[in-house]
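Below is one structure, written out as structure tokens; the observations come after it.
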Amino acid sequence: MRDLSGKIVLVTGASSGIGRATAQLMASKGAKVVVNYNSNEKGATETLTAIRELGGECIAIQADVTKKDQVEAMVHEVISVYGAIHILVNNAGGGIKQSTFMNMTEELWEETYALYVKSVLLCSQAVLKDMLPRKGGKIINVSSAAARIGGAGESIHYASTKGAVNTMTVGMSREFIEHGIIVNGVAPGMVETSFHDKFAPDENRLERFVASVPMKRAATPEEIAEVICFLASDTANYILGETITVSGGR
């Protein structure tokens, strides 16, 4: 039901975690996958190896998705190699310093918004230049359940970026559906990735977080990838402007 044969997919931040799991799953469904990374070249190589072991076709491209010139160069390279981009997964992210609201610096606020919001703008704009003339494509924005919880105490800056991504998802879906382009999102809760090691190094805090999840466990990256792949497939062609929360009930 989720055949992606012949599709060209660009996954940002695909060197680990949700991005890697998504790239691998989409490749297993027949897509040709572009693995974007910024600094984790080793991780990107591991993603490529895993995909090729599945018999999939893929390339890796280094680009800082907060920089317009690098994003445009990346998209140009993808199109020069594969001829088009049919699916964009805006997944790039990284470890962000915790801060209470009153101790928040302008620099941390702006850095967080660049990584999680500006990147969605720049990557989507660049890919849409290819999608619009072809009258088709899909964009999936990776948000977070934190957008609904608010991140009070130490991560309002991060949670608010994901609220912005949710709003962008709705707005983009309304603007581009007349061109045959479908935009949706996925909002994971806690996932077993290195993100939490960087963002919340307090092990006891993670245990408390898991205890607050009705299912009493974190998700695997593969479980989030399944939902992203579903939205990317023709099975989900009548879903528009939605952000599906995958949080174990939290």
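The values are calculated or read from the model by the stated rules, or taken from the named source; none is laboratory data. As the structure is a computational prediction, the values presented were derived from the model and not from experiment. Cβ coordinates were reconstructed from backbone atoms using ideal geometry, including for glycine residues, and neighbour counts include every protein chain displayed.
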- Give the residues of region 219-250 that are aliphatic (A, V, I, L, M) and either closer than 15 Å to residue 11 by Cβ or crowded, with 20+ Cβ neighbours inside 10 Å (or both), sorted by residue number. 219, 224, 225, 227, 228, 231, 232, 236
- Taking residue 206 as meeting all but one of (1) at pLDDT below 90; (2) touching a helix residue (DSSP H, G or I) at 6+ places or on another chain (Cβ under 9 Å); (3) under 28 Å from residue 74 (Cβ atoms); (4) assigned to a helix (DSSP H, G or I), write down the number of the exception. (3)
- Residue that is nearest to residue 141 (Cα to Cα), among those in region 5-21 that are touching a Lys or Arg at 6+ places or on another chain (Cβ under 9 Å) and assigned to a strand (DSSP E or B): 11
- What number goes with the only condition from (1) surrounded by 15 or more Cβ atoms within 10 Å (Cβ to Cβ); (2) modelled with pLDDT of 95 or more; (3) polar (S, T, N, Q) that residue 155 does not pass? (2)
- Message: Return the residues of region 22-44 that are in a helix (DSSP H, G or I) and either closer than 20 Å to residue 222 by Cβ or of a type in the set (Lys, Arg) (or both); say none if nothing qualifies.
- Response: 22, 23, 24, 25, 26, 27, 28, 42, 43, 44
- With the condition kept exactly as written, say whether any residue in region 50-62 is farther than 25 Å from residue 173 by Cβ, out of contact with any strand residue (DSSP E or B) (no Cβ under 9 Å at 6 or more places or on another chain), surrounded by fewer than 19 Cβ atoms within 10 Å (Cβ to Cβ) and at pLDDT below 95. yes
- Query: What's the number of the condition residue 39 fails, among (1) touching a helix residue (DSSP H, G or I) at 6+ places or on another chain (Cβ under 9 Å); (2) surrounded by fewer than 20 Cβ atoms within 10 Å (Cβ to Cβ)?
  - Reply: (1)
- Restricting the search to region 125-152, which residues are part of a strand (DSSP E or B) and either within 30 Å of residue 101 (Cβ to Cβ) or not basic (Lys, Arg) (or both)? 137, 139, 140, 141, 142
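Residues checked against (1) within 15 Å of the chain's Cα centre (by Cα); (2) farther than 22 Å from residue 8 by Cα:
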site	(1), (2)
111	no, yes
120	yes, no
123	yes, no
132	no, no
154	no, yes
162	yes, yes
165	yes, yes
178	no, no
- Task: Return the total of residues in region 161-172 being touching a residue at least 12 places away in the same chain (Cβ under 8 Å) and either over 23 Å from residue 229 (Cβ atoms) or among the basic types (Lys, Arg) (or both).
- Result: 4
- Query: Here are 95, 83, 137: which of them is at positive phi, surrounded by fewer than 16 Cβ atoms within 10 Å (Cβ to Cβ) and touching a residue at least 24 places away in the same chain (Cβ under 8 Å)?
  - Reply: 83
- Among (1) touching a Ser or Thr at 6+ places or on another chain (Cβ under 7 Å); (2) part of a helix (DSSP H, G or I); (3) surrounded by fewer than 21 Cβ atoms within 10 Å (Cβ to Cβ), which single condition is residue 167 missing? (1)
- Message: Looking at region 63-79 only, could you name the residues that are in a helix (DSSP H, G or I) and either in contact with a strand residue (DSSP E or B) (Cβ under 7 Å, 6 or more places away or on another chain) or not basic (Lys, Arg) (or both)?
- Response: 69, 70, 71, 72, 73, 74, 75, 76, 77, 78, 79
- Item | Matching entry among 23, 27, 44 (being over 14 Å from the mean Cα position of the chain (by Cα), closer than 28 Å to residue 114 by Cα and without any contact (Cβ under 8 Å) to a residue 40 or more places away in the chain) | 44
